[in-house]
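Structure, as structure tokens:
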Amino acid sequence: LDGVLERLDDAGDQLLDLGIAVAQFMLVLAAAILLARWARRRVRRRLRAAPSPAFAVAAENAAVVSVYVVAITVVLALWGLTWTGLVTALSIGTVAAAFGFQDLLRSVVGGVLVVLERPFSLGDRIKVRE
């Protein structure tokens, strides 16, 4: 009975920690959304007379992405994680996914190359083997 009560107490502590983590995430996300809107408006005002509208849009998007990267960094720091650990996990996951999707990706790339290069036209005959 003591083991069950101890596990329930641990579960309660973990739920409390999870609730705090979710609250931290929501608070940082709300601040990031507000800051991103402010940054977008400010960059838009500054680049009204930009030589290219595409440059203005790229600058706005860069400002917003920067705000969200800082927000993610703050959340990771609050949770005790680092970018090093995240990049390591993502790298391992990417390698595993690449090995898993190797045949699929090879087929997709081959199909795209056939469509782009158009080595065959309507009416061509293709001889396979003999």
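The values are calculated or read from the model by the stated rules, or taken from the named source; none is laboratory data. Just so it is clear, the model here is predicted, and its values are computed rather than measured. Don't worry about glycine lacking a Cβ; one is built from the backbone with ideal geometry, like all the others, and counts go over all protein chains shown. Surface accessibility is based on the protein's heavy atoms, side chains included, excluding ligands, DNA and RNA. Shrake-Rupley method; radii C 1.70, N 1.55, O 1.52, S 1.80 Å.
Remark: the chain carries a charge dipole of roughly 1440 debye about the Cα centre, counting +1 on each Lys and Arg Cβ and -1 on each Asp and Glu Cβ. What the Cβ-Cβ distance of L5 and L76 gives, at R0 = 35 Å and to the nearest 0.05, is a FRET efficiency of 0.55. What residue among T94, V43, V74 has its Cα farthest toward the positive end of the dipole of the stretch 24-130, where the charges are +1 on Lys, Arg and -1 on Asp, Glu, each on the Cβ? In the stretch 24-130, that residue is V43.
Extending 7 Å from Cα along the Cβ direction at D103 and again at S121 yields two label points whose distance is 3.6 nm.
Computed from the C-alpha gyration tensor, the three semi-axes of the ellipsoid equivalent to the chain are 46, 33, 11 Å, from longest to shortest.
Rolling a 1.4 Å sphere over the protein heavy atoms, what is the accessible area per residue of the chain, to the nearest Å²?
85
So, counting K/R as plus one and D/E as minus one, what does the shell of residues with Cβ under 15 Å around S52 add up to? Charge balance near S52 sits at +2.
Computed with a 1.4 Å probe on the full set of protein chains, the accessible area for T94 sits at about 90 Å².
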